[in-house]
Each structure stands twice: as C-alpha cells, then as structure tokens.
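The values are calculated or read from the model by the stated rules, or taken from the named source; none is laboratory data. These numbers were taken from a predicted model, which means no experiment stands behind them. Virtual Cβ from ideal backbone geometry, glycine too; neighbours counted across all protein chains shown. For the accessible areas, the whole protein counts, side chains as well, though only heavy atoms, and no ligand, DNA or RNA atoms are used. Shrake-Rupley method; radii C 1.70, N 1.55, O 1.52, S 1.80 Å.
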Amino acid sequence: MAKVVTMGEIMLRLSTPNNEKFIQADEFDVNYGGGEANVAVSLANYGHDAEFVTAVPKNPIGECAVAALRKYNVCTKHIARCGERLGIYFLETGSAMRASTVVYDRAHSSISTATEADFNFDEIFEGADWFHFTGITPAVSDSAAELTEAACKAAKAHGVTVSVDLNFRKKLWSSEKAQKVMTNLMQYVDVCIGNEEDAEKVLGFKPGNTDVTSGELELQGYVDIFNQMIDKFGFKYVISSLRESHSASDNGWSACIMDSATREFYHSRKYHITPIVDRVGGGDSFAAGVICGMVDGKDYKSALEYAVAASALKHTIPGDFNLVTREDVESLAGGDGSGRVQR
C-alpha cells in the first residue's frame, strides 16, 4: 500500500438535523471534516497508509478532531498543537429545489496561523508516494498559502507526486486572489483535479457553453481547456468531476480525464443520484478515488471509473467522510448499483 500525505484544515461541522433550516434548529448534529482530511479518511479506508497534516488548538475540541481521524486509521503523528481555535462550519442541508447553505466560522483558526516552523516536512515526506492539497487551504490566510507552498516544495524535493483539487470557495477569497496564488502553486502539481467552476475561477479556463444548472455538458469545451491547462502548466493528468444539478436531491454525476502523454480524453460512466443524503465531501471522495486508483497502478480510465463510483456512493452517507470500503466501490464500478440487501 502507498503512503499518501494530505494537508489542510479539519473543522467542527455543525449541521441541522432532518433538513431543517437554521432558524428551525434547536440542536445540531456534530461531525468533523474538511477537504484534505476527508481524502485521508477515504484512502485509509481503502487500506493505504494515509497521513493528515494540520494544526489544531491544544484543547479538548482539537483533540476530538484528531480522534475523529484516528478512528478511521489516519496517521496523525505530525499534527501540530498550536493556535487559538478549531474552525467551525455550519451546514443547513437543502432538499429538492432548496439549496444547502454553509456558514463559516474559521477566522484565526490554528491552521490559518501555523507556519513552516511548526512542521518537519523532511520527516513527513520521508517514504511518501503522493501529496494532496486543495485550493481551500491557501484561501484560509496568507500564512496558510505560504505553508502550502513550503509543503509542495518539500514534496517535490522528496520525489513525491503532487495532486491538487482546485476547490474554489467564494466565501474565503476572490477569483482574482485565487488565480494569483494558485497559478504560482501549479508549478508543483502533477495531477490537477477540479470542476468547471474551479477551472474558471481559480485558473481562468472556461469550458465552452457548459451549464451545470440546466444539466447541459459540452464535453468538447473540456477537451479544449484540458489541452490549454496541460500546455500552460505541464500537468500529467487533468481531471474534472461533472455534476448536473437538477435539484439539491437529484444530481447527475460523472467525470472526465485527459492524459498529457497521448492527449486522449475519456468520459466516465454517469450515475443518476437521487435522493442525495449528503453531498458535502463528494468532491473529496472523488479526489481520493483518483489517488487510490493511480497508486494502485490502475490505468487512468479505470482510476477515473473507480473515483466516480466512490464519490457516487459518498452522496448516500451523512457526514464529511466517505466510509465505503474498497469492495463497495469495486462492486458499483463493476456495474452493481441495485442496492439489494447484502445477506
């Protein structure tokens, strides 16, 4: 099994039960999660040596976040204890035509004030095969952006493959700031993952006339921007998830990939996901599936199919973490989506 390192922020998630609006809720369901933490949990579930690097406050809430990772066999030995607080996000889960809403309370969180001095990156990347980060972490603060670049430099110095999930978050930074910071970080990236909004807002590439709201996907547009992204940044693979949002409870889900060596473009099988239980973490489960497929030695088409199946299953699981097994994913990727009771 491969050693995969991810780095980012883990947060306390407080979500309204039973699809209630914030104003209705008298209590919240408690979970922990965050982009790169979600990826690490998936990879640990698939049997890989997954390590998550972050900073949490030295208090019981910080330790609860660490324990949530340890529960799923994620290595936490290099998590720093520093800073003031654990970030929080509130989730109002939508239904049908009512969209989900996220409210962040993460200013001055531990990871936003952490520096390179809080981590031993040479030790962290010793023996590592893969490093994954997202566009969320550098958006948290200028200090977190510098920390992300330091981690990328150390990963490349150790010969580690680097992947990014572009993950644009408009509540954290502007498109202009995102493009300035993320364009610089792309020099370290081998595998670029995102979606149509990420490609446009983070790197300035728009895929033709695609309109995910109406479910209209113009795949030729993705071919065009994938070629441009490879030409500009030298990525080995460019990958996009394709979400057709018919409603908060009903999505089409597929993905596409381009191999830079051949410029071959491949579009995966499409899943019709309804009803959606929880779509938060869907993109992270997709990124984890891509990484798992590639470190397993699958060809890029099979790795993509694995990732799409894994992330389709995540939409059926409450919470940030994708808790399906390798066998669950392989069964669905192999064509068994019947949902029959397993006795």
Of all the residues that make up the range 303-319, how many are open to solvent by 10 Å² or more (accessible area, probe 1.4 Å) and not hydrophobic (A, V, I, L, M, F, W, C)?
3
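Quick grid of which residues meet (1) over 23 Å from ILE111 (Cβ atoms); (2) surrounded by fewer than 19 Cβ atoms within 10 Å (Cβ to Cβ); (3) in contact with a Pro (Cβ under 8 Å, 6 or more places away or on another chain):
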| position | (1), (2), (3) |
| --- | --- |
| THR148 | no, no, yes |
| LYS153 | no, yes, no |
| LYS156 | no, yes, no |
| LEU172 | no, yes, no |
| GLN187 | no, yes, no |
| CYS192 | no, no, no |
| ASP198 | no, no, no |
| SER245 | yes, yes, no |
| TRP253 | yes, no, no |
Residue within the range 55-65 that is modelled with pLDDT under 95, out of contact with any Lys or Arg (no Cβ under 7 Å at 6 or more places or on another chain) and open to solvent by less than 40 Å² (accessible area, probe 1.4 Å) present:
no
May I ask you to list the residues in the range 114-135 that are open to solvent by less than 20 Å² (accessible area, probe 1.4 Å) and within 23 Å of LYS236 (Cα to Cα)?
PHE125, ALA128, TRP130, PHE131, HIS132, PHE133, THR134, GLY135
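Condition (residue is open to solvent by 10 Å² or more (accessible area, probe 1.4 Å) and in contact with a Leu (Cβ under 7 Å, 6 or more places away or on another chain)) applied to the range 216-227: is it met by at least one residue? Steps first, please.
Quick first cut of the range 216-227, residues open to solvent by 10 Å² or more (accessible area, probe 1.4 Å) only: 216-220, 223-224, 227.
Remaining after also requiring in contact with a Leu (Cβ under 7 Å, 6 or more places away or on another chain): 217.
Yes; the residues of the range 216-227 include at least one that is open to solvent by 10 Å² or more (accessible area, probe 1.4 Å) and in contact with a Leu (Cβ under 7 Å, 6 or more places away or on another chain).
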Could you list, in sequence order, all residues of the range 1-30 that are closer than 20 Å to VAL102 by Cα and either of a type in the set (D, E, K, R) or in contact with an Asp or Glu (Cβ under 6 Å, 6 or more places away or on another chain) (or both)?
GLY8, GLU9, ARG13, SER15, THR16, PRO17, GLU20, LYS21, PHE22, ASP26, GLU27, ASP29
Report yes if some residue within the range 16-28 is at pLDDT 95 or above, polar (S, T, N, Q), open to solvent by 10 Å² or more (accessible area, probe 1.4 Å) and not in a loop (DSSP other than H, G, I, E, B); otherwise report no.
yes
Residues of the range 283-304 being without any contact (Cβ under 8 Å) to a residue 40 or more places away in the chain and either assigned to a strand (DSSP E or B) or over 18 Å from GLY47 (Cβ atoms) (or both), which ones?
ASP299
